[in-house]
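Taking it in order: structure first as structure tokens, then the write-up.
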Amino acid sequence: MSLIPEIKPQQSIELLKELHILTRDGKINQDTRRKLKQVYHLYQFIEPLMADVLAEKGSLTLADHGAGKSYLGFILYDLFLKDKPSAHVYGVETRQDLVDKSVDLAQRLGFAGMSFLNLTVEQSITSDALPPQVDIITALHACNTATDDAIRFALAKDAKYIVLVPCCQAEVAAVLRQKKNETFGKTPLSELWRHPIHTREFGSQLTNVLRCLQLEARGYQVTVTELVGWEHSMKNELIIAKKVGGAKKSARERQESILRELNLEELRERFAY
Ligand SMILES: C[S@@+](CC[C@H](N)C(=O)[O-])C[C@H]1O[C@@H](n2cnc3c(N)ncnc32)[C@H](O)[C@@H]1O
């Protein structure tokens, strides 16, 4: 264990201890150091979005989906939002034990603008515990199709910004595999079906392509970048979407062509709504 030089000056040391990023005697815990680095990396991207919303509206709501231990929500709140009474962060998480711990921690730290909800992302779309409009949506490695539900949530809540670091999504690859025999030989792309690892990886990439087109089709400007420095074993694609206008027909058409070409029309409801 060593002292960490890169802790931001406005960061509460008490919070980092509570999150077990620092030990009781203030040394960095090497097991959770990775998490701090990831969240700080994301903070660079999210801080200007929070500043923009606050400048525009004077208030801010942010929902973090698949929150886990809520490292992201707590650190965003501590660094940027805790002195802004009009800001509120919601953590949505299916594990009751993690929700209880986060509720308890927020109470002890006096973080009154944080709520933690034991809901699936899908349930949170219609839950009364969340407001009808939410400004920023984040989902960091939310499992499988939880990222898709987070996109649905963002669209339902008319979010200005959406920040996603998707996890593996198995659904597209499963449909690709199911359709393998039917599709094989009909397109040169069917070489992608020959080896399971290619099908799986292609399915995962294709999922994000279809998600981006869905966001574009619903009036978002989308940027996709790689989170350099994150472990290779983890998904490290960062998708940031900003609401810029109305629906974009050409994105919907491009999405439709892909679904047709790859015989994936049954996934239309997942990606094109
Ligand atoms: C890989 S962890 C990531 C946690 C956190 N975002 C982070 O990066 O530290 C994924 C979390 O999503 C939660 N989760 C999975 N599916 C979910 C769903 N459909 N709705 C809400 N939470 C979900 C899991 O319980 C888990 O805590």
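The values are calculated or read from the model by the stated rules, or taken from the named source; none is laboratory data. Here the structure is a predicted model, which means the values were calculated and not measured. With ideal geometry, Cβ positions are generated from the backbone for all residues, glycine too; neighbour counts draw on all protein chains shown. Side chains are part of the model used for accessible areas, which takes the heavy atoms of the whole protein and leaves out ligands, DNA and RNA. Shrake-Rupley method; radii C 1.70, N 1.55, O 1.52, S 1.80 Å.
Quick notes
- 3J(HN,Hα) along the range 217-223: 4, 9, x, 9, 9, 10, 10 Hz, from the Karplus curve 6.51 cos²θ - 1.76 cosθ + 1.60 with θ = phi - 60°, whole Hz, x for Gly and Pro.
- Residue 223 - accessible surface, heavy atoms, 1.4 Å probe, Å² rounded to 10: 80 Å²
- Whole-Hz Karplus values for the range 208-215 come out as 6, 4, 5, 5, 5, 5, 4, 5 Hz, taken residue by residue from phi with 6.51 cos²θ - 1.76 cosθ + 1.60 and θ = phi - 60°; glycine and proline positions read x.
- Calculation over all alpha carbon pairs of the range 34-152 in 5 angstrom steps from 0 returns a P(r) of 2, 12, 23, 25, 23, 12, 2, 0 percent.
- Shape class for the chain, computed from the alpha carbon gyration tensor (a ≥ b ≥ c): prolate, with a/c not under 1.5 and a/b above b/c.
- Under 26 Å from residue 180, Cα to Cα: lysines that are on another chain or at least 8 residues apart: 235
- Selection from 58, 113, 142 lying farthest towards where the dipole of the range 13-271 points positive, charges on Cβ: 142
- Restricting attention to the range 13-271, close to 40% of DSSP beta bridges with both partner residues there are antiparallel.
- When the Cα positions of 15, 87, 155 are compared along the charge dipole of the chain, 155 comes out farthest toward the positive end, with charges on each C-beta of Lys, Arg, Asp and Glu.
- Rounded, prolate or oblate (a/c below 1.5 giving rounded, otherwise prolate when a/b exceeds b/c) for the range 138-256 by Cα gyration tensor: oblate
- With DNA, RNA and ligands ignored, accessible area of residue 32 (1.4 Å probe; Å², nearest 10): 20 Å²
- With a cut-off of 9 Å between beta carbons, the residues surrounding residue 76 carry a summed charge of -3, where Lys and Arg count +1 and Asp and Glu -1.
- The angle separating the long axis of helix 249-261 from the principal Cα axis of greatest extent in the chain is about 60 degrees.
- Computed from phi, the 3J(HN,Hα) profile of the range 54-61 under the Karplus parametrisation 6.51, -1.76, 1.60 (θ = phi - 60°) reads 5, 5, 6, 10, x, 8, 7, 10 Hz, with x in place of Gly and Pro.
- Angle in degrees between helix 146-156 and the longest Cα principal axis of the chain, rounded to the nearest 10: 80 degrees
- Relative contact order, percent, the chain [alpha-carbon distance under 8 Å, six or more residues apart]: 13 percent
- Remark: spin-label model distance residue 27-residue 94 equals 3.8 nm, labels positioned 7 Å along the Cα→Cβ axis.
- For residue 115, residues with placed amide H under 5 Å, excluding near neighbours: 89, 90, 91
- Using a probe of 1.4 Å, the accessible surface attributed to residue 230 totals some 20 Å² when neighbouring protein chains are kept in position.
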